Amino acid sequence: QVQLVESGGGLVQSGGSLRLSCAASGRIFSINGMGWYRQAPGKQRELVAIITSGGSTNYADSVKGRFTISRDNVKNTVALQMNSLKPEDTAVYYCNAQIRSPGGSYFRNYWGQGTQVTVSS
C-alpha cells in the first residue's frame, strides 16, 4: 500500500505565497517522476510542474517564473513553492508520483487526496 499525503494549501491574497508539500509512504522501492497537478471548478485537471528523480523539471507556461518544484529523494517528498499567486491559480492541487513497490516490475501512478488553494483578488 502506498499513500501520498499533501499539506500546505489555504487562502492567500493575490501576490502572496504558499508552499505545498507531499510525502509518499508505504511499500516503496523506488520513485520515478513526481509532480503537481491542479483542477479548477469546471475545468480539466492540468499539469503544474513535474520533476524527475534526477532533478530535471518542467513547468506549465502559466506558472513559469513563479512556481518552483523540488524533491527530497531520501524522504520521498515533493514540494511546490508558489510565489506571486494570482486568482487564476485557485484550484485543488494534487500530488502525483510514479512508484514501484518492492517485488514489483513496473511503476504505478499514485495521487494524493488534493489540497485547496484559494487566491483572493
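Here are the numbers for the structure shown:
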item: Within straight-line cross-link reach of LYS86, lysines at Cα separation under 28 Å, skipping those fewer than 8 residues along the same chain; result: LYS43, LYS64
item: Gain in span if fully extended, LYS43 to SER105, counting 0.36 nm per residue against the direct Cα distance; result: 18.9 nm
item: Paramagnetic reach from LEU11 (point 7 Å along Cα→Cβ, amide N under 14 Å) across segment 81-121; result: 116-121
item: Charge dipole (debye, nearest 20) of segment 37-121; +1 at Cβ of Lys and Arg, -1 at Cβ of Asp and Glu; result: 160
item: Three-way shape call for segment 42-84 based on the alpha-carbon gyration tensor, with the a/c threshold at 1.5; result: prolate
item: Within segment 1-86: Cβ-based charge dipole about Cα centre, in debye rounded to nearest 20 (Lys, Arg +1; Asp, Glu -1); result: 80
item: Length released on extending from GLN3 to LYS86, taking residue separation times 0.36 nm less the Cα-Cα span; result: 26.9 nm
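Rule-based calculations on the coordinates, nothing more; no lab input. Only a predicted model underlies this, so the values are computations on that prediction, with no experimental measurement involved. FYI the Cβ positions are ideal-geometry reconstructions off the backbone, even for glycines, and counts take in every protein chain you see.
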